[in-house]
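The values are calculated or read from the model by the stated rules, or taken from the named source; none is laboratory data. Source: prediction; values computed, not measured. Ideal geometry is used to build each Cβ from the backbone, glycine not excepted, and the neighbour counts take in all protein chains shown. The accessibility values were calculated without ligands, DNA or RNA, using every heavy atom of the protein model including side chains. Shrake-Rupley method; radii C 1.70, N 1.55, O 1.52, S 1.80 Å.
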Amino acid sequence: MAFEESGEGSSIFGSIGDSFKGMLAGVVLFPLSLYLIFQVETCEQASAALKGALPASQAKAGVASYVTGKLSADQLGGEFVKPGKYISYSQSSEVYAWEETSKEDSKTKKTVYDCELDWISSPKNPKNFKDPACKSKPFYKATVDDKSSVASDAKVKAEDGKTFSVNLSKVDLTSAVPSLSPGSGDLTKGIAEGDYIYLTQKCASDQTEGCERISVSLVPVPEESMTFVGSVSGSSISEFTSAEGNKFLNASVGDYQTTMKDIQSDDNTTKWLMRLGCFIAMWVSFNLLAGPLLSLLSFVPFVGELGKAALSIVFGVVAFVITAVTILLVKFWYIWLILGLAAIGYAIYKRKAATA
């Protein structure tokens, strides 16, 4: 049974008061989103820092270098998986436990609290929930800790027969190096079902409250040759320190050209995702800044919700335009500088022509 929170926070004045508090967050979030755009557009990426890397035989200080060869390492296992030829092992747990939910009642404008079962990585104790009916729900804790590890004593045997050591914990693998979930034959305990491992057959067959499932990710050592791009010194491959002071050690399956393409592809994907995050942050900031107005609209019958949706769409368009313009200003700053100087020069010319 859902519980409605009453009091000042549920009234029109309480709602507007809360929205004024949200405005403060919006005031901070808007300039922060601009700063993040600047950081995204100016941050050094691996594909740029490692461009022009030299083969290990030609390695020299201040220039990135690379090794292509077959990777080998000590066998790696985990709490649920037999030791095998893996680069890395990671596990994370979720419990089918009670989670508190809240929403605003469209008629009363009051906050309604309830609880439902869901897969949660860090369940909270229901006794702290606001809904009285949910406070008595049982508290289920995770029994499996989140863990991750990488293989030790890793070596890359180059095509010329020379062997190089590499610390796999320092390596940034591209998305072209596949990961997988273990099958039943790989397990030391638990029951594999889909992409998860369950502790009991009952939980594997049916979702029951209190059940726990573990997500295990393995990165096998590829059968193909790999290329490691960083800094090669003697018989070891380590991180390359760029002129800006950033450290890079990247690897993928295939030769140097293929690896650099994979690194570039991952860099592009990351940059676009971060741009999207900046746009969303700016959009949210506009909605927070207009919080009092949106709160008032929510109390207007019939057209209130439509007005809120329309304003949110307008804010989204404005946020998109500002984000795009800011990206262009940062990315092509020199063009704007030239245009600015040209405008100043033209203004001076017109002024002199007018006084002549």
Among SER33, SER90, SER65, the single one that is open to solvent by less than 50 Å² (accessible area, probe 1.4 Å), at pLDDT 90 or above and under 30 Å from ALA319 (Cα atoms) is SER33
Going through region 143-156 in order, the residues found to be assigned to a loop (DSSP other than H, G, I, E, B), over 24 Å from the mean Cα position of the chain (by Cα) and not charged (D, E, K, R) are THR143, ALA151, SER152
- Task: Inspect all residues belonging to region 306-320 and state whether any of them is of a type outside the set (S, T, N, Q), in the same structural domain as ILE37 (by the TED database) and part of a loop (DSSP other than H, G, I, E, B).
- Result: no
- On the given criteria, is ASP153 within 30 Å of GLY234 (Cα to Cα) and modelled with pLDDT of 95 or more? yes
Of VAL27, VAL112, VAL40, VAL95, the only residue that is over 26 Å from PRO220 (Cα atoms), in contact (Cβ under 8 Å) with a residue 60 or more places away in the chain, within 26 Å of the chain's Cα centre (by Cα) and assigned to a strand (DSSP E or B) is VAL95
Within region 115-130, restricting to residues that are assigned to a strand (DSSP E or B) and free of Cβ contacts under 8 Å to residues at least 24 places away in the same chain, the one that is surrounded by the fewest Cβ atoms within 10 Å (Cβ to Cβ) is GLU116
Residue hits (region 242-259; in contact with a strand residue (DSSP E or B) (Cβ under 8 Å, 6 or more places away or on another chain) and either part of a strand (DSSP E or B) or on the phi < 0 side of the Ramachandran plot (or both)) are SER242, LYS247, PHE248, LEU249, ASN250, ALA251, SER252, VAL253, ASP255, TYR256, THR258, THR259
Of the residues in region 188-233 that are in a helix (DSSP H, G or I) and among the polar types (S, T, N, Q), the one that is least open to solvent (accessible area, probe 1.4 Å) is SER205
Residue check: is LYS141 open to solvent by 60 Å² or more (accessible area, probe 1.4 Å), in contact (Cβ under 8 Å) with a residue 24 or more places away in the chain and not aromatic (Phe, Trp, Tyr)? yes
(request) Return yes or no: is THR163 open to solvent by less than 40 Å² (accessible area, probe 1.4 Å), within 30 Å of GLN58 (Cα to Cα) and of a type in the set (S, T, N, Q)? (result) no
Contact list, first residue from region 215-236 and over 21 Å from SER92 (Cα atoms), second anywhere and acidic (Asp, Glu), beta-carbon distance below 7 Å, six or more apart or interchain, is THR227/ASP255; GLY230/GLU239; SER231/GLU239
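Conditions tested, residue by residue: (1) of a type in the set (Lys, Arg); (2) surrounded by fewer than 18 Cβ atoms within 10 Å (Cβ to Cβ).
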| residue | (1), (2) |
| --- | --- |
| ILE263 | no, no |
| VAL284 | no, no |
| LYS308 | yes, no |
| LEU311 | no, yes |
| VAL330 | no, yes |
| ILE335 | no, yes |
| ILE344 | no, yes |
- prompt: Among the residues of region 252-268, is there at least one that is over 30 Å from GLY69 (Cα atoms) and either touching a Phe, Trp or Tyr at 6+ places or on another chain (Cβ under 7 Å) or without any contact (Cβ under 8 Å) to a residue 60 or more places away in the chain (or both)?
  reply: no
